[in-house]
Amino acid sequence: MGRDADELLSPPASSPEPEQDDDDDDCYLSDQEDDALEESVLQVLEDGHLEDCHWSASSVITKEYLLAAQREDLRKVMELLGLKEHHARTLLIHYRWDVERIFELLDQKGRDRLFSQAGISLRPASNAGLPSPAEVTCNVCYDDVPLSAASHMDCGHDYCNDCWTEYFIVKINEGQSRRVNCMAPKCNAICDEALVRKLVSAKRPDIAERFERFLLESYIEDNDTVKWCPSTPHCGNAIRVKGDIHCEVECTCGRQFCFNCSSEAHSPCSCVMWELWIKKCRDESETVNWITVNTKPCPKCHKPVEKNGGCNLVACICGQAFCWLCGGATGRDHTWSSISGHSCGRFTEDQSTKTEQARRDLYRYMHYHNRYKAHTDSLKQEAKLKRDIQWKISISENKESKIKDYSWVINGLNRLFRSRRVLSYSYPFAFYMFGDEIFKDEMTTEERELKQNLFEDQQQQLEFNVERLSGFLEKDFQNFSDEEVMDTMKHVINLSNVVDRLCKQMYQCIENDLLYPLRTPHNIAPYKSKGLDRASELHICLDSDEQSSQSMKHSQDEHKSQPGLNSNESGSSVTGKRPILQLHGSSSDNSGRPSHKRERRDGGGALFDLNVPAELADKI
């Protein structure tokens, strides 16, 4: 009976509806299949797709295309809201050039409220249809001037051009040229930039030029998604990021930096942690701690005195003798066991507690700083491996051997640089994560100890495997036999995957287990197996006016070599067109300079970039 039931439930081999059964199998999964699917999804996430959660794309804006990129954002706002250029600029500066946020707030607040908060007045003319007076009284100098010698703002206030001009010059010299308010008391309307440009250029062309420069720089200074490259000397490029701004980028000049704080790339440290760490390493706070632990002040001149012998009676260079145990002034008569006329056998808890706490803080800082510096020095030394490895590869490829592909060495070196860098910055992170400087009241003592043990276990595993990978890469494989080379290759590939997975696990631990439960938000740049993404070059098709102004010299030289060429033909292809933004991937051929990345492919087709740290790029 059971067999017949099974036959009734299962269709025969010649059933005309096998496709329907396949669909049913796809829709309904058994418990084993469901668990296997869940495990495969988790495995895929662990293998690198978690990087997509922190999506960001960076592009480089050169000096030539900075004005065109600014006008492209202006064009979007002008076309959507039907505004003049100066009103669109005022709106963008107020909302920090975030076009998408302006569109969102337009639905939330409405047009009138959106404009009034930005200082834009679009009131209709109150004297429409009435005859215009021949003269206007200026409320600043109280002179009656002709209508042609006065200027009218959108807010409705009129003043003579001389007063407007002097007011604009003062505001520009004060650095307020990005948002020049109306002169009228309690009026927050923003003046028309075209009027400012016209009046100031007639009297002070140099200040008008400064005004134009300030307006152009506002696209970067007042923009959260665009920042100057912090290279020294300055390369002149700006970086624009779409997506998560808590990321690390690389300019086409080779400079790598944190986009959020513009300092060097410091992940997994947050920007707050890195700023505190740099300050702590540079100032004299630890010197003061050392003096507190190892010296005592002279009771007379108060200079720090270090004890260099076994006797508890010490003498300052000023001639004052005092007791080392209590710091009290004494005479010079003493024996090995006592000082004449002095006794300090009573215990003072406050002084002992402060000294003991200063000693613990000093030892704790030295622990993390020594390991941070050790891995930083190792990174500098290992950066020299690139030249040595390329020399070893060239020798190995030319000798008689069955092994000709040595991309595994470059891939391993790439992973070594990235993992060593992560390891070095993990010590400043641990110093502040498990200390009292930032998160004193965020965790209990038990929670702090538990999380510290969890993090340090992962840190030690990463450190152990990074050192092993470094050791295999330093071997002279060019002198090895094929069997030894295969064995070295197996270890390098295995350790490269291990350190990459350990770095991902450390970042997941930091983001999910350490930082996420805290009340104080701390964001870190995500880990990327291939290293930092190099910003693509931003190419913009200029309109006719911009192209003619920027390529005038080039056109003149071209006409000299080709006398028959008509000047109108050179710009006919872009006449009347607005700037069009196009993103192109940059490479060493396009940038005109040697790239710090070397791309190779493994068997799976994944790109591996030899991403040398910025501070070491020029030394290799």
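The values are calculated or read from the model by the stated rules, or taken from the named source; none is laboratory data. Treat the numbers as computed from the prediction; the structure is a model and nothing was measured. Cβ sites come from the backbone with ideal geometry, for glycine too, and all protein chains shown count toward neighbours. These accessible areas exclude ligands, DNA and RNA; they are computed on the full protein's heavy atoms, side chains included. Shrake-Rupley method; radii C 1.70, N 1.55, O 1.52, S 1.80 Å.
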Q.
When you scan the range 483-498, do you find a residue that is touching a residue at least 24 places away in the same chain (Cβ under 8 Å), surrounded by 15 or more Cβ atoms within 10 Å (Cβ to Cβ), out of contact with any Gly (no Cβ under 9 Å at 6 or more places or on another chain) and under 15 Å from GLN459 (Cα atoms), even just one?
A. yes
Condition set touching a Gly at 6+ places or on another chain (Cβ under 7 Å) and part of a loop (DSSP other than H, G, I, E, B), scope the range 180-231, selection surrounded by the most Cβ atoms within 10 Å (Cβ to Cβ): answer is ALA189
The condition from (1) within 22 Å of ARG179 (Cβ to Cβ); (2) loosely packed, with under 15 Cβ neighbours inside 10 Å; (3) under 28 Å from the mean Cα position of the chain (by Cα) that ARG113 misses is numbered (3)
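Just name the residue that is most open to solvent (accessible area, probe 1.4 Å) out of those in the range 288-332 that are of a type in the set (Val, Ile, Thr) and within 19 Å of ARG359 (Cα to Cα). Break it down into steps so the answer makes sense when it comes.
Taking the range 288-332 and keeping what is of a type in the set (Val, Ile, Thr), we get 288, 291-293, 295, 305, 314, 317, 330.
Those still in the list that are within 19 Å of ARG359 (Cα to Cα) too: 288, 291-293, 295, 305.
On the way: VAL288: 79, ILE291: 63, THR292: 64, VAL293: 22, THR295: 19, VAL305: 16 Å².
Per the criteria, the residue is VAL288.
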What about LEU80, is it at pLDDT below 85 and either in a helix (DSSP H, G or I) or over 30 Å from CYS253 (Cα atoms) (or both)?
no
Considering the range 357-399, residues that are within 23 Å of SER267 (Cβ to Cβ), small (Gly, Ala, Ser) and surrounded by 17 or more Cβ atoms within 10 Å (Cβ to Cβ), and then whichever is modelled with the lowest pLDDT, we arrive at ALA383
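Conditions tested, residue by residue: (1) at pLDDT 85 or above; (2) among the hydrophobic types (A, V, I, L, M, F, W, C); (3) out of contact with any Leu (no Cβ under 9 Å at 6 or more places or on another chain); (4) farther than 30 Å from ALA238 by Cβ.
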{"position": "GLY2", "(1), (2), (3), (4)": "no, no, yes, yes"}
{"position": "GLU7", "(1), (2), (3), (4)": "no, no, yes, yes"}
{"position": "ASP23", "(1), (2), (3), (4)": "no, no, yes, yes"}
{"position": "ASP26", "(1), (2), (3), (4)": "no, no, yes, yes"}
{"position": "VAL41", "(1), (2), (3), (4)": "no, yes, yes, yes"}
{"position": "GLY110", "(1), (2), (3), (4)": "yes, no, yes, yes"}
So, first residue surrounded by fewer than 15 Cβ atoms within 10 Å (Cβ to Cβ) in the range 431-446, second residue at pLDDT 90 or above, Cβ within less than 6 Å, six or more apart or across chains; the pairs are none
In the range 154-176, anything modelled with pLDDT of 85 or more and outside any helix (DSSP H, G or I) is listed as HIS157, ASP158, TYR159, CYS160, GLU174
